[in-house]
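Student: Can you read through this structure? Questions will come right after.
The values are calculated or read from the model by the stated rules, or taken from the named source; none is laboratory data. All values derive from a computational prediction rather than experimental measurement. Because the Cβ atoms are built from the backbone with ideal geometry, glycine has one as well, and the counts that use them run over all protein chains shown.
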2 protein chains.
Amino acid sequence: MAEYSVTIAGTLTTLISERKYTTVRDILVTMNPSDIAYIFAELEEDRLPIFFRLLPKELAAETFVEMEPDAQELMIRAFSDSELREMVNELYVDDAVDLIEEMPANVVKRILSQADPQLRKEINEILRYPENSAGSIMTTEYVSLRPAMTVEEAILRIRRTGYDKETIYTCYVTRDRTLLGLVTVKDLLLAEDDEMPISEIMETNVISVNTHTDQEEVAQMFSKYNFLAFPVVDAEYRMVGIVTFDDAMDVMEDEATEDIELMSGMMPSENTYLRSSVFELFKNRIFWLMLMMFSATFTGMIITGFEDALAAQVVLTAFIPMLMGTGGNSGSQSSVMVIRALSLGELEFSDFWRVVWKEIRTSVLCGIALSVACFGKLIFIDKLLLGNTEITYLVATVVCITMALTVLFAKVIGAMLPMLAKKIGLDPAVMASPFITTIVDTLSLLVYFAVANLILL
Amino acid sequence: MAEYSVTIAGTLTTLISERKYTTVRDILVTMNPSDIAYIFAELEEDRLPIFFRLLPKELAAETFVEMEPDAQELMIRAFSDSELREMVNELYVDDAVDLIEEMPANVVKRILSQADPQLRKEINEILRYPENSAGSIMTTEYVSLRPAMTVEEAILRIRRTGYDKETIYTCYVTRDRTLLGLVTVKDLLLAEDDEMPISEIMETNVISVNTHTDQEEVAQMFSKYNFLAFPVVDAEYRMVGIVTFDDAMDVMEDEATEDIELMSGMMPSENTYLRSSVFELFKNRIFWLMLMMFSATFTGMIITGFEDALAAQVVLTAFIPMLMGTGGNSGSQSSVMVIRALSLGELEFSDFWRVVWKEIRTSVLCGIALSVACFGKLIFIDKLLLGNTEITYLVATVVCITMALTVLFAKVIGAMLPMLAKKIGLDPAVMASPFITTIVDTLSLLVYFAVANLILL
């Protein structure tokens, strides 16, 4: 894909320098907006406006939506007022809102000044909803029908008004803006009688979301119900917009990325990896690194406290990384599974004890298997094969008991913390690997020295 | 949601025991299949068939698709042959395939024996495609049109044949099964002239996928192009089916879950967390735990090798967890970001050096910030405040130099390994936290003792 586009970009640049504008236009109009945007990203920036002006109005707007924010800003600055007006008013409302959210203040001002009054009003309405709410990702361009219309009238209305609607396939039946039901184009086309009133074929049991519903919840509803769109209603059940499946897909992807980043001890990033500056990456990563470095004070203190024991049995030090590593990995396994299940809505807080019981049994199995394997490894590999005479049966026993107990603690804590976090309104994803590891590191050392004290000293 | 359904399930059970079948039916038909399936999951298993038989045929099939495999199996065993026949032939082909892939062999045999010959043929065709390919998730039920049809004829054809198609909104224009173009219902409805031939309004530049295209790639195409469906063609560009957006959403979710599990050192699970047995959880987790435990032999050997140094400067032991922890966390941050970007198609192998250079600069910033903070912490908190007199300026210098170097190594290796893995055809996700941590643990100890040797001894 990448290689292919680079070649196309080269061809287009050559054609443009030869002033073969019609040829360039002919090539571009065969393409999909996403692909054109992808190719444009490969071009030299100062050529961009020339290419862009060759696109027909509608394709230009669709391509513009797919471009990266830097390129969009560059284009807007190159546009004349009338070019900008034409482009902005060709956009769907939700795309216009996305654009405005990405642009710096002076560009936003220019965009809004060129938008039609109706569009400007709709943009401002959507901008008023909280970030990450259904209201903030919805579009106000949907087809609304009246309950008394016949099937034929409804189809006529769709044909007349459908052109600039984000989707025509699900239409909403309203009276005084109150949502009464929905009807799909499939229902309309397959209806046996064209004279039947919409009120008789509409689905009245409509599943809607509220303007304030969290976007992650909306995305989950899409994957549960497989609908093309959900209506968005306000507190009075008046219909204000729709969220479509393509927005839900973007939300799903973004939320998964955010979870993954949080789980790995990073602040969620605003940009894609390649588009993030080094300073942004640094800023997103340093907080957790600092926090975890400082929290290592505890492990340091524990080791210092047991310095005498360690000096007497130096061999014990050699197993600290293995024990802490196994504990950390065990804990992050269970925490990550629980976090993902919470994100997908598969787990509720009411499952708390079921989860704990599952983890106890799993960790007993893992603990036994690991301890037995570890005992074998210590005796047969480390002691007999590698000839480390400091490893006695007692030392091996201490290490293996610690391992089994650490795995148990790690898995149970790893599963409990994300659920508790969710209960008190925190994002469960912060309770993943780095956080769990810090707790488990401390616990495993305490267990290690306690067991060592009991058996060896 | 959960609480609400439990109450409904209770009400329904009461109504059934009072034999108020009509009331139960009236309640159920107002609901969405996903919700009915959710409520059914709360019912006692032996009541299930009674409830199920109350549903109208189409709703019954739609609900069945949404049920969990255990419940589906239970239902099929309770069905008479004629009931099973009715239900199976009501299913969409891709749902029938999903069902067959989940059921044990004897149930599969019964399902196939009741399927209509046409359906059985289609099921078998799809089953022949490799797992996770576009062919394996497609459906063969799409609307196909001929290029010579007029808009009016096309609409008529959709009205006649659309009823049991998975989607009618995107129709495919074919000649001798070769894909020529596509036309949407929106294009048809908004066409100005009903007599225009389809060949004149169809989009000929169709983006299609091959039967063998990986399902993850297909899902990425949905999020890139925002289409409702993609046509699936064979090697001769003959159209064999379509993949719809709802299947792509499921794939996106599953692939993100799989990545997250692999990144946390687990084999990808077949079932959701609550539905996985303890033994399954154990099986998915123990492999990496064992591997990482055995690989800790290296860290053990390094520590043993430097035992004399450690015995002389016992204070050095206290900082091992902090150094390994910081290294592990730094490495997993960069590896996870790179893995996610690779999954979403944002990174290519050609970006390799760009990524490495970005990570070098980021790690220098992180390394300096962490070292300075660590030096301050060691001197002001640990030495002066907590009175640990063993910490000298030289010891603090050793620790901080090691920290800066470890962060650098960790971040660069963490970013490189997933890209190299992808290049040689491995899943980049296995190069995350647990794997990186093991390498970084070893490296950080080597650096620690080398620096200590140089400065302290």
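Student: When you check B:LEU385 against the structure, is it of a type in the set (A, V, I, L, M), buried (at least 19 other Cβ atoms within 10 Å of the Cβ) and out of contact with any His (no Cβ under 9 Å at 6 or more places or on another chain), yes or no?
Tutor: no
Student: Given the conditions (1) within 16 Å of A:ALA432 (Cα to Cα); (2) without any contact (Cβ under 8 Å) to a residue 60 or more places away in the chain, and given that A:PHE282 satisfies all but one, which numbered condition is not satisfied?
Tutor: Only one criterion is unmet by A:PHE282, namely (1).
Student: Quick one: is B:GLY387 outside any helix (DSSP H, G or I) and more than 10 Å from every other protein chain (Cβ to nearest Cβ)?
Tutor: Numbers: outside any helix (DSSP H, G or I): yes; more than 10 Å from every other protein chain (Cβ to nearest Cβ): yes.
Taking the combined requirement at face value, the residue satisfies it.
Student: Of the numbered conditions (1) of a type outside the set (Lys, Arg); (2) part of a helix (DSSP H, G or I); (3) farther than 30 Å from A:GLU253 by Cα; (4) more than 10 Å from chain A (Cβ to nearest Cβ), B:VAL356 fails exactly one; give the number of that condition.
Tutor: Among (1) of a type outside the set (Lys, Arg); (2) part of a helix (DSSP H, G or I); (3) farther than 30 Å from A:GLU253 by Cα; (4) more than 10 Å from chain A (Cβ to nearest Cβ), the lone unmet condition for B:VAL356 is (3).
Student: Which residue out of A:MET263, A:MET267, A:MET249 is under 16 Å from the mean Cα position of the chain (by Cα) and more than 9 Å from every other protein chain (Cβ to nearest Cβ)?
Tutor: Values: A:MET263 fails: more than 9 Å from every other protein chain (Cβ to nearest Cβ); A:MET249 fails: more than 9 Å from every other protein chain (Cβ to nearest Cβ).
Among A:MET263, A:MET267, A:MET249, only A:MET267 is under 16 Å from the mean Cα position of the chain (by Cα) and more than 9 Å from every other protein chain (Cβ to nearest Cβ).
Student: Hey, can you tell me all the residues within segment B:99-118 that are crowded, with 18+ Cβ neighbours inside 10 Å and closer than 24 Å to B:GLY162 by Cβ?
Tutor: The answer is B:LEU99, B:ALA115.
Student: Can I ask one more? Could you list, in sequence order, all residues of segment A:134-160 that are surrounded by fewer than 16 Cβ atoms within 10 Å (Cβ to Cβ) and within 14 Å of chain B (Cβ to nearest Cβ)?
Tutor: Once the filter is applied, which keeps residues that are surrounded by fewer than 16 Cβ atoms within 10 Å (Cβ to Cβ) and within 14 Å of chain B (Cβ to nearest Cβ), segment A:134-160 yields A:GLU152, A:LEU156, A:ARG160.
Student: Name every residue in segment A:373-382 that is touching a helix residue (DSSP H, G or I) at 6+ places or on another chain (Cβ under 8 Å), among the hydrophobic types (A, V, I, L, M, F, W, C) and either at the interface with chain B (Cβ under 9 Å from one of its Cβ atoms) or surrounded by fewer than 18 Cβ atoms within 10 Å (Cβ to Cβ) (or both), in order of residue number. Let's see the steps before the verdict.
Tutor: Step one: of segment A:373-382, the residues touching a helix residue (DSSP H, G or I) at 6+ places or on another chain (Cβ under 8 Å) are A:373-375, A:377-379, A:381-382.
Filter once more, keeping what is among the hydrophobic types (A, V, I, L, M, F, W, C): A:373-375, A:378-379, A:381.
If the condition is that a residue be touching a helix residue (DSSP H, G or I) at 6+ places or on another chain (Cβ under 8 Å), among the hydrophobic types (A, V, I, L, M, F, W, C) and either at the interface with chain B (Cβ under 9 Å from one of its Cβ atoms) or surrounded by fewer than 18 Cβ atoms within 10 Å (Cβ to Cβ) (or both), then A:ALA373, A:CYS374, A:PHE375, A:ILE379, A:ILE381 are the ones that fit.
Student: I want to confirm something. Restricting to segment A:226-240 and keeping residues that are at pLDDT below 90 and in a strand (DSSP E or B), which single residue is nearest to A:GLU66 (Cα to Cα)?
Tutor: Filtering segment A:226-240 for residues that are at pLDDT below 90 and in a strand (DSSP E or B), the one nearest to A:GLU66 (Cα to Cα) comes out as A:VAL240.
Student: Do the conditions hold for B:ILE260, that is, is it more than 19 Å from B:GLU131 (Cβ to Cβ), surrounded by 19 or more Cβ atoms within 10 Å (Cβ to Cβ) and either in contact (Cβ under 8 Å) with a residue 60 or more places away in the chain or hydrophobic (A, V, I, L, M, F, W, C) (or both)? Break it down into steps so the answer makes sense when it comes.
Tutor: Numbers: more than 19 Å from B:GLU131 (Cβ to Cβ): yes; surrounded by 19 or more Cβ atoms within 10 Å (Cβ to Cβ): yes; either in contact (Cβ under 8 Å) with a residue 60 or more places away in the chain or hydrophobic (A, V, I, L, M, F, W, C) (or both): yes.
Considered against the rule, which asks whether it is more than 19 Å from B:GLU131 (Cβ to Cβ), surrounded by 19 or more Cβ atoms within 10 Å (Cβ to Cβ) and either in contact (Cβ under 8 Å) with a residue 60 or more places away in the chain or hydrophobic (A, V, I, L, M, F, W, C) (or both), B:ILE260 comes out as yes.
Residue-by-condition table, conditions (1) more than 10 Å from chain A (Cβ to nearest Cβ); (2) among the polar types (S, T, N, Q); (3) part of a helix (DSSP H, G or I):
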residue: B:VAL183; (1), (2), (3): yes, no, no
residue: B:LYS186; (1), (2), (3): no, no, yes
residue: B:GLN220; (1), (2), (3): no, yes, yes
residue: B:LYS224; (1), (2), (3): no, no, yes
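Student: Output the residue which, of all residues in segment A:285-296 that are at the interface with another protein chain (Cβ under 7 Å from one of its Cβ atoms) and without any contact (Cβ under 8 Å) to a residue 60 or more places away in the chain, is surrounded by the fewest Cβ atoms within 10 Å (Cβ to Cβ).
Tutor: A:PHE294
Student: Is there a residue being over 13 Å from B:SER334 (Cβ atoms), within 13 Å of chain A (Cβ to nearest Cβ) and not aliphatic (A, V, I, L, M) anywhere in segment B:413-434? Steps first, please.
Tutor: If we filter segment B:413-434 for residues that are over 13 Å from B:SER334 (Cβ atoms), which is where we start, we get B:420-427, B:429-430, B:434.
Then drop every residue that is not within 13 Å of chain A (Cβ to nearest Cβ), which leaves B:429, B:434.
From what is left, the residues that are not aliphatic (A, V, I, L, M) are B:434.
Yes, some residue in segment B:413-434 is over 13 Å from B:SER334 (Cβ atoms), within 13 Å of chain A (Cβ to nearest Cβ) and not aliphatic (A, V, I, L, M).
Student: Filter segment B:321-341 for residues that are touching an Asp or Glu at 6+ places or on another chain (Cβ under 6 Å) and facing chain A (nearest Cβ under 7 Å) and give the result.
Tutor: Scanning segment B:321-341 gives B:PRO321, B:MET324.
Student: Another question, then. Suppose we filter B:GLU73, B:GLU90 for residues that are buried (at least 17 other Cβ atoms within 10 Å of the Cβ), at pLDDT 85 or above and among the acidic types (Asp, Glu); which single one remains?
Tutor: Numbers: B:GLU73 fails: buried (at least 17 other Cβ atoms within 10 Å of the Cβ).
That would be B:GLU90, the only listed residue that is buried (at least 17 other Cβ atoms within 10 Å of the Cβ), at pLDDT 85 or above and among the acidic types (Asp, Glu).
Student: With respect to the numbered conditions (1) under 30 Å from A:GLN220 (Cα atoms); (2) crowded, with 17+ Cβ neighbours inside 10 Å; (3) more than 7 Å from every other protein chain (Cβ to nearest Cβ), which one is the sole condition not fulfilled by A:ASP351?
Tutor: Here A:ASP351 meets the rest and fails (3).
Student: Moving on. Restricting to segment A:121-140, name every residue that is touching a Phe, Trp or Tyr at 6+ places or on another chain (Cβ under 7 Å) and β-branched (Val, Ile, Thr). Break it down stepwise before answering.
Tutor: Taking segment A:121-140 first, the residues touching a Phe, Trp or Tyr at 6+ places or on another chain (Cβ under 7 Å) are A:135-136, A:139.
Residue satisfying the conditions is A:THR139 alone.
Student: Being over 30 Å from A:GLN215 (Cα atoms), part of a helix (DSSP H, G or I), touching a residue at least 12 places away in the same chain (Cβ under 8 Å) and touching a Cys at 6+ places or on another chain (Cβ under 7 Å) narrows it down to one of A:SER371, A:SER363, so name that one. It would help to see each step written out before you state the result.
Tutor: On the way: A:SER363 fails: touching a Cys at 6+ places or on another chain (Cβ under 7 Å).
Of A:SER371, A:SER363, the one residue that is over 30 Å from A:GLN215 (Cα atoms), part of a helix (DSSP H, G or I), touching a residue at least 12 places away in the same chain (Cβ under 8 Å) and touching a Cys at 6+ places or on another chain (Cβ under 7 Å) is A:SER371.
Student: Working carefully through the options A:ALA311, A:ALA318, find the one that is surrounded by fewer than 22 Cβ atoms within 10 Å (Cβ to Cβ) and at the interface with chain B (Cβ under 7 Å from one of its Cβ atoms). Steps first, answer last, please.
Tutor: Details: A:ALA318 fails: surrounded by fewer than 22 Cβ atoms within 10 Å (Cβ to Cβ).
Going through A:ALA311, A:ALA318 in turn, the sole match is A:ALA311.
Student: Another question about this same structure. Among the residues that make up segment B:397-416, is at least one of them at positive phi and either assigned to a loop (DSSP other than H, G, I, E, B) or in contact with a helix residue (DSSP H, G or I) (Cβ under 8 Å, 6 or more places away or on another chain) (or both)? Spell out how you get there, then give the answer.
Tutor: To start, the set of residues in segment B:397-416 that are at positive phi comprises none.
No, segment B:397-416 has no match at all.
Student: Do the conditions hold for B:LEU344, that is, is it touching a residue at least 40 places away in the same chain (Cβ under 8 Å) and facing another protein chain (nearest Cβ under 7 Å)?
Tutor: Numbers: touching a residue at least 40 places away in the same chain (Cβ under 8 Å): yes; facing another protein chain (nearest Cβ under 7 Å): yes.
Yes; evaluated as a whole, the condition is true for this residue.
Student: Could you tell me whether A:VAL398 is closer than 26 Å to B:ASP254 by Cα, of a type outside the set (Phe, Trp, Tyr), more than 7 Å from every other protein chain (Cβ to nearest Cβ) and in contact (Cβ under 8 Å) with a residue 24 or more places away in the chain?
Tutor: Here the answer is no, as A:VAL398 does not meet what is asked.
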